[in-house]
Amino acid sequence: MTEQGSIFDGFEHRGVRYANRVAFSPLTRARASANGVPDHLQATYYRQRAGAGLQIAEATAVLPEGHGGIWTPGLYDQAQVDGWRLTTDAVHAAGGKIYAQLWHAGRLSHSSFHPDGLPPASPAAIAAQGQVHIAQGRVDYEVPRALRASEIDTIVLAFERAARNAMNAGFDGVEIHAAHGYLLDSFLRDAINDRTDDYGGSLENRARFLVAVLRRVVAAIGPDKVAVRLSPDTQAGGMRDSDPQATFNYVIDQMNALDIAWLDLVEGNNLVSRDIADGIDVAALVVRFKGAVILNHGYTLDMANAAIGSGAADMIAFGRPFIANPDLVERFRHGYPLAEGSRSTWYGGGAEGYSDFPTYRSNPTETAGN
Ligand code: PHB
């Protein structure tokens, strides 16, 4: 299985060597403190999964009001930087590479995370369907508030500061979360963004917020350490666009102009299906991007090898399979069976269902389904 063109091949990109073409997809696991501080528990979990060529850590808020759920981590204060340092040191000691994913949940956040209790930030006062997990449990999304342009400037600076914090915490780079209906994605889409100022209307205006973030982050840490996550076909939070191909062609052109290193493209409707709707040509988006491409959503080993072998992607990211298989790359390499996790421990809690999964070699009698 180690012939040219498989996920097991090491490769170099922008002067950095990656051990293989498997990425660990960012997964919200909601085990930080209520102040967004990760600790030794996260360090253990990420160290166990350092066999991935590149790990992208879970969505991490750039501001208190950017959290998309209780116990999600942040990168806006020193305690969070110090907490993440435990993880990056552990991953590097295990030979891995890890990016931080910088996140503002926008209208999918909640007023209880806002220091002033303000409604969540959004292009427009249009509520999303669904629920967010806060200290009191799961509650419906609120009606958000349309950001003022001056507030957008503040959030751009928060992304820059979080990127600097990520580098100070020892991350190898950052991924800007511009997917899944969160703040930056919601500005891109004409179903949600009905603004009439410089941040709405034309494609250039709808992308202005994301492009401003990318400019600041690239200026702060360099383009070689920057990834952008896009999900052209997500319906999360009611995302829709009258012409997603044009929208994402434009975004990718802007990423190319900034020489950004990575596009992390989520196929299909996240958490639902990897099927791509009519009107979106993922292959054309991949070809358009000049840097390296990570594809993900619901890949099997065979699909991943086919995508790498054909040159459709540079890396394939796996999320859920990594939950119960910390040694996922080794299991793929040797054809070991995959263990199944339980959804009940995806979000919140402690080590159970998180950092207590054995490697196959340490427990070779395990059978799939344990
Ligand atoms: C989640 O909390 O379920 C979640 C977070 C970030 C994503 C997608 C899902 O991008």
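Structure notes:
- All-pairs alpha carbon distance profile, the stretch 130-206, 10 Å steps from 0, percent: 15, 37, 34, 14, 0
- Potential lengthening between Arg240 and Val143 on full extension [0.36 nm per residue; Cα-Cα distance subtracted]: 33.1 nm
- Sparse-neighbourhood loop sites, GluC sites (Glu not before Pro) in the stretch 1-106 - DSSP loop, at most 10 other Cβ within 10 angstrom: Glu3
- Solvent-accessible heavy-atom area per residue, rounded to whole Å², over the chain at 1.4 Å: 38 Å²
- Summarising the strand pairing of the chain, around 20 percent of its internal DSSP beta bridges are antiparallel.
- Per-residue Karplus couplings for the stretch 215-228, computed as 6.51 cos²θ - 1.76 cosθ + 1.60 with θ equal to phi - 60°, are listed in order as 4, 5, 5, 4, 5, 7, 10, x, x, 5, 10, 10, 10, 10 Hz, Gly and Pro entered as x.
- Highest mean first, the peptides 94-102, 250-258 sorted by other C-beta atoms within 10 Å per residue fall in the order 94-102, 250-258.
- Estimated purely from DSSP H runs of n ≥ 4, each contributing -39500 (n - 2.57), the mean residue ellipticity at 222 nm for the chain is -9000 deg cm²/dmol once divided by its residues.
- The listed peptides 169-179, 198-208, ordered by packing as a protection proxy, come out as 169-179, 198-208 (highest mean of other Cβ atoms within 10 Å first).
- With all protein chains in place and a 1.4 Å probe, the accessible surface of the chain carries 49 percent carbon and sulfur.
- Residues in the stretch 215-251 that a label on Asn168 would reach, taking backbone N under 15 Å of a point 7 Å out along Cα→Cβ: 220-221
- Each residue, Asn363 and Arg17, gets one label point 7 Å from its Cα in the Cβ direction; the gap between the two is 3.3 nm.
- For the stretch 265-341, the spherically averaged projection of the C-alpha convex hull amounts to 5.7 nm².
- Mean Cβ neighbour count within 10 Å, used as a protection proxy, ranking 71-78, 329-336 highest first: 71-78, 329-336
- Over the chain, Cα pairs under 8 Å with separation of 6+ residues give a relative contact order of 16 percent.
- The chain: translational diffusion in µm²/s, Stokes-Einstein, Kirkwood Rh over Cα pairs, 25 °C, 0.890 mPa s: 120 µm²/s
The values are calculated or read from the model by the stated rules, or taken from the named source; none is laboratory data. This is a predicted model, so every value here is computed, not measured. For neighbour counting, all protein chains shown are included, and Cβ atoms are generated from backbone atoms with ideal geometry for every residue, glycine included. Heads up: the accessible areas ignore ligands, DNA and RNA and are worked out on the full protein's heavy atoms, side chains in. Shrake-Rupley method; radii C 1.70, N 1.55, O 1.52, S 1.80 Å.
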